[in-house]
Amino acid sequence: MGDNEKGPDDQSFDKRLQQAQARAKGQSFEDAEDRPTSPMGVAFKMGIELVVGSGVGAFIGFWFDRWIGTAPLFLIVLLILGFASGIRNVVREATRMQEAEENAEKADKD
C-alpha cells in the first residue's frame, strides 16, 4: 500500500472524524453540508465580497503606485478590477443560489 492510498481503517476514521466534527457544531452528519443559510447571512457575505474586492484592489494599487512612482494610475485600475471581481463573485453566488432553488422545486414536484 502506497502513502497516498487509504486502507479500510483510514476511511472509517475519516468518516468518524467528520461525524464528530458535525456533532461538535450541533448538526447531524447528513445535513452538515446541505444546511441552508439565512438570507441575512447571504446578504452580509455578498456585501463583504464587494467591499473586500474593492479594498484589496485599492491597497495593491496604492502600493504599486508608491513602488513604481506613478500617481493614481494603478490605484484606479486595480480598484475597478477589484470591484469587478467582487461583482463577479456576487453574481456567481446568486446564480448558484438560484440553481439550488430551482433544483429544490423540481425535487418537490417529483
When residues of the stretch 51-76 are filtered for being assigned to a helix (DSSP H, G or I), of a type in the set (A, V, I, L, M, F, W, C) and loosely packed, with under 14 Cβ neighbours inside 10 Å, how many remain?
-> 5
Of all residues in the stretch 22-49, how many are open to solvent by less than 50 Å² (accessible area, probe 1.4 Å) and at pLDDT below 80?
-> 3
Would it be correct to say that Gln19 is at pLDDT below 90 and open to solvent by less than 90 Å² (accessible area, probe 1.4 Å)?
-> yes
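The values are calculated or read from the model by the stated rules, or taken from the named source; none is laboratory data. Treat the numbers as computed from the prediction; the structure is a model and nothing was measured. Neighbour counts run over all protein chains shown; Cβ positions are idealised from the backbone, glycine included. For the accessible areas, the whole protein counts, side chains as well, though only heavy atoms, and no ligand, DNA or RNA atoms are used. Shrake-Rupley method; radii C 1.70, N 1.55, O 1.52, S 1.80 Å.
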